[in-house]
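The values are calculated or read from the model by the stated rules, or taken from the named source; none is laboratory data. Just so it is clear, the model here is predicted, and its values are computed rather than measured. Cβ placement follows ideal geometry from the backbone for every residue including glycine, while neighbour counts extend to all protein chains displayed.
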């Protein structure tokens, strides 16, 4: 039996968001912090794969999160192209996390916790983009993505990094 897609859509958004306070709480224990990152990435991929099954079966579920104004809603909807984007993003999160852990540790990078928090938030925003049910929702999640990826771009904190 296939699980209902609406809770899975919310789960795909909530998993990376729920991981951020856990990553912060584990900041003094790098192994735990990185285990939380990897476990969340794996759980997100499992969630997205379950959603893929629903879309492949022909389902196109939608969900209104918030009605801002009459006719202006924060809405999610599952569609094949969005699912492809969600699959790529969630699959690459695992690969990127494995690479980042080795890179950050190997180079003794500072601010690793901030990096993992911002990366988790960027995945939540990417899931919002993938499941956007309208242009307003797409715009909000895209803007959120630009805000939470800025610390990733400027991670080194140098003037060159801040300039772009």
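Here is how the numbers come out for the structure above:
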{"read-out": "Qualifying residue in the range 3-12 (condition: modelled with pLDDT of 95 or more, surrounded by fewer than 15 Cβ atoms within 10 Å (Cβ to Cβ), farther than 17 Å from residue 125 by Cβ and over 17 Å from the mean Cα position of the chain (by Cα))", "value": "no"}
{"read-out": "Residue check for residue 141: part of a helix (DSSP H, G or I) and in contact with a strand residue (DSSP E or B) (Cβ under 7 Å, 6 or more places away or on another chain)", "value": "yes"}
{"read-out": "Test for residue 24: is it farther than 15 Å from residue 126 by Cβ, assigned to a strand (DSSP E or B) and modelled with pLDDT of 90 or more", "value": "no"}
{"read-out": "Any hit, the range 123-134, residues being farther than 18 Å from residue 75 by Cβ and modelled with pLDDT of 95 or more", "value": "yes"}
{"read-out": "Search result, residues across the range 37-55 that are under 23 Å from residue 106 (Cβ atoms) and buried (at least 22 other Cβ atoms within 10 Å of the Cβ)", "value": "37, 40, 41"}
